[in-house]
Amino acid sequence: MSLRRSADRKVTNLPSPNGKTAKIANSFGLPAGRDYSCPGATETCQRVCYAGKLENLYKGLREVLTANLAELMWLDRAGMAQLLNDMIADFRADCERAEARGASVPRDFRIHWDGDFFSWDYAQAWADVVRSNPDVHFWVYTRSFDPAALDVLPALVGLSNLSVYLSVDPDNLEAAKAARQRHSWVHWAYLAETFASGRADLADLPGKRYPCPENGHRIPLISEKGSACIRCGICPSGRGDVVFSIAKK
């Protein structure tokens, strides 16, 4: 049994020399939607989910993500952690090979470019993996923060090499506010129709927030200088809240 990583151009930690493709696969995905790995999916995210649209567009991608979920969902915490640890070991080996050829490769890994935490045991398994790989910095966005469905935040607390972002939109705003009261260490990734409406929705909340520069067309998805997320660095480092715009303006 094994899990397959994804070479997401937006988050890769090593682009090709021409700046068009990902040389290292540093993300992991599961199939999106309430029927699969997203118990906290809202109407807004179901409507605009870019990852779900890619699944529908590329049959091979859907098969990879579905196979990942099938490998994990019947295992216990220890079994899931073993598979995930093996995957991260493969990621580290890719980084080491690139470094041996002279590349500078940050050890950044995105959990769930598609999909989400689907169970408490699965979240605990990822927490075990994060603890056992202190040389890797992980970041994740999740809608699994509402106790009415699934709240995995207690499993992820206290991990210095993990940045956690709540995926928030107007549909789950109140649940997100409650989650932040319980867990002041989390950040928000807020999805609004426009950047202006997002700023207005969050105007009464404390803290610094940034418009996603790739989403706003201020930096490219990928270039020879790096991927958008690694170049920006806000989400991987957990520097503050981020606002995304459906209209991209």
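Counted by Cβ distance under 12 Å from residue 152, the other residues give a net charge of -3, where Lys and Arg count +1 and Asp and Glu count -1.
Of all the Cα-Cα pairs you can form in the chain, what percent are over 33 Å apart? In whole percent, the long-distance tail amounts to 13.
Less than 10 Å Cβ to Cβ from residue 186, Lys/Arg counted +1 and Asp/Glu -1: what total charge do the surrounding residues give?
+1
Extending 7 Å from Cα along the Cβ direction at residue 224 and again at residue 90 yields two label points whose distance is 3.1 nm.
Would you please give the FRET efficiency between residue 58 and residue 247, computed as 1/(1 + (r/R0)^6) with r the Cβ-Cβ distance and R0 = 35 Å, to the nearest 0.05? Mind dumping the intermediate values first?
Working: r = 25 Å, r/R0 = 0.70.
So, using R0 = 35 Å, E works out to roughly 0.90.
Rounded to the nearest 500, the helix-only mean residue ellipticity at 222 nm of the chain stands at -11000 deg cm²/dmol, with each DSSP H run of n ≥ 4 adding -39,500 (n - 2.57). Shape summary of the range 1-62, radius of gyration then Dmax from alpha carbon positions: 13.6, 40 Å.
When both bridge partners sit in the chain, DSSP labels roughly 25% of those beta bridges antiparallel.
What does the charge add up to near residue 11, with Lys and Arg as +1, Asp and Glu as -1, over the other residues with Cβ less than 9 Å from its Cβ? Value of the local net charge: +1.
Quick one: with all protein chains in place, what share of the accessible area of the range 183-249 is carbon or sulfur, to the nearest percent (1.4 Å probe)?
Values: 1820 of 3240 Å².
Ligands and nucleic acids excluded, carbon and sulfur reach 56 percent.
Enumerate the helices in the chain for which the Kyte-Doolittle hydropathy averages -1.0 or more and the C-alpha atoms extend at least 15 Å along the helix's axis, using complete DSSP H runs.
Values: long enough: 59-72 (20 Å, 0.21); 77-100 (34 Å, -0.27); 120-132 (18 Å, -0.39).
Qualifying helices: 59-72, 77-100, 120-132.
For the chain, what's the relative contact order in percent, using C-alpha pairs closer than 8 Å and at least 6 residues apart? The partial results should precede the final answer.
Working: 454 pairs, mean separation 57.6, N = 249.
Relative contact order for the chain comes out at 23 percent.
For the pairs 10/248; 208/248; 10/225, note any where the Cα-Cα span goes beyond 18 Å. Among 10/248; 208/248; 10/225, the Cα-Cα distance tops 18 Å for 208/248.
So, with a 1.4 angstrom probe, what is the percent of accessible area on the range 1-154 that is carbon and sulfur?
Values: 3610 of 7030 Å².
The C+S portion of the solvent-accessible surface of the range 1-154 is 51 percent.
Surface exposure of the chain, expressed per residue as accessible area with a 1.4 Å probe, stands at 46 Å².
Can you run the Rg to Rh ratio on the range 17-126? Use alpha carbon positions and the Kirkwood inverse-distance Rh. Mind dumping the intermediate values first?
Details: Rg = 15.5 Å, Rh = 15.4 Å.
The Rg/Rh ratio comes out at 1.01.
The values are calculated or read from the model by the stated rules, or taken from the named source; none is laboratory data. Predicted, not measured: the structure shown is a model, and the values here were computed from it. Note that each Cβ is placed from the backbone with ideal geometry, even for glycine, and that neighbours are counted across all protein chains shown. Note: areas computed on protein heavy atoms with side chains; ligands, DNA, RNA excluded. Shrake-Rupley method; radii C 1.70, N 1.55, O 1.52, S 1.80 Å.
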